[in-house]
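Here is the structure we will look at, set down as structure tokens.
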Amino acid sequence: MTRPSTFVPARTGLRKKPTSRGITDFLQSHDKMAALLPSITRMMTLQADCAGALPAMFDTCGVLQFESGQLVLSTPNAALASRLRQQLPKLQDALQQRGWQVNAIRLKVQVGRPRDNPPPVKQLRLPDPAVSALTQLETALENTPRNATLLAAIHALANRPRA
């Protein structure tokens, strides 16, 4: 299979994280991908307008499709779809005021991986006997270059703030 002459590999060598400008340049350089850019831009703008109209609900919802006046939105669960269904007239009015010709809005529940932030990492508290044992170990070890990293780690554990 031959590649078109305009093909640019996504990763050449070791680079930093690709920027949006680099991705746009890549998409524009490929004929078939360049045809998608207007639709992608349109969908991103529509997603931003929906989020502007209902900011509390659109952090987990997304625009799936917008064709011939019918907007299809995805929701992660049925409960959110039910709440969003109550807000559809407000959303439709807001989108029409921003210039979108939205005649109908459909919702699709698409259960996927959660987009919520991961739960906070629980900081474990060392009991007092463990702290005193670490302090004793720190004083018992020889202060040699070989033990320097171990002593630093023990010192950090023994002296970390207790909540």
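No lab work stands behind these numbers, since they all come straight from the coordinates. Being a predicted model, the structure only gives us computed values, none of them experimental. All Cβ positions, even for glycine, are placed from backbone atoms using ideal geometry, and neighbour counts span all protein chains on display.
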* Asked: Mind checking the log10 I(q)/I(0) for the stretch 42-105 at q = 0.18 Å⁻¹? Debye, one equal scatterer per Cα, no solvent, two decimals.
  -> -0.56
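Reported to two decimal places, what Rg/Rh ratio describes the stretch 98-139 when computed on Cα atoms with Rh from the Kirkwood expression?
Details: Rg = 26.5 Å, Rh = 16.8 Å.
Over the Cα atoms of the stretch 98-139, Rg/Rh equals 1.58.
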* Determine, from the Cβ-Cβ distance of HIS30 and ALA104 and an R0 of 35 Å, the FRET efficiency 1/(1 + (r/R0)^6), rounded to the nearest 0.05. => 0.55
* Interatomic Cα distance distribution for the stretch 28-163, bins of 10 angstrom, percent -> 10, 26, 16, 9, 10, 16, 11, 2
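What does the net charge come to around LEU150 if you take all other residues with beta carbon closer than 11 Å to its beta carbon, with K and R at +1 and D and E at -1?
Numbers: positive: ARG146; negative: GLU138, GLU142.
It works out to a net charge of -1.
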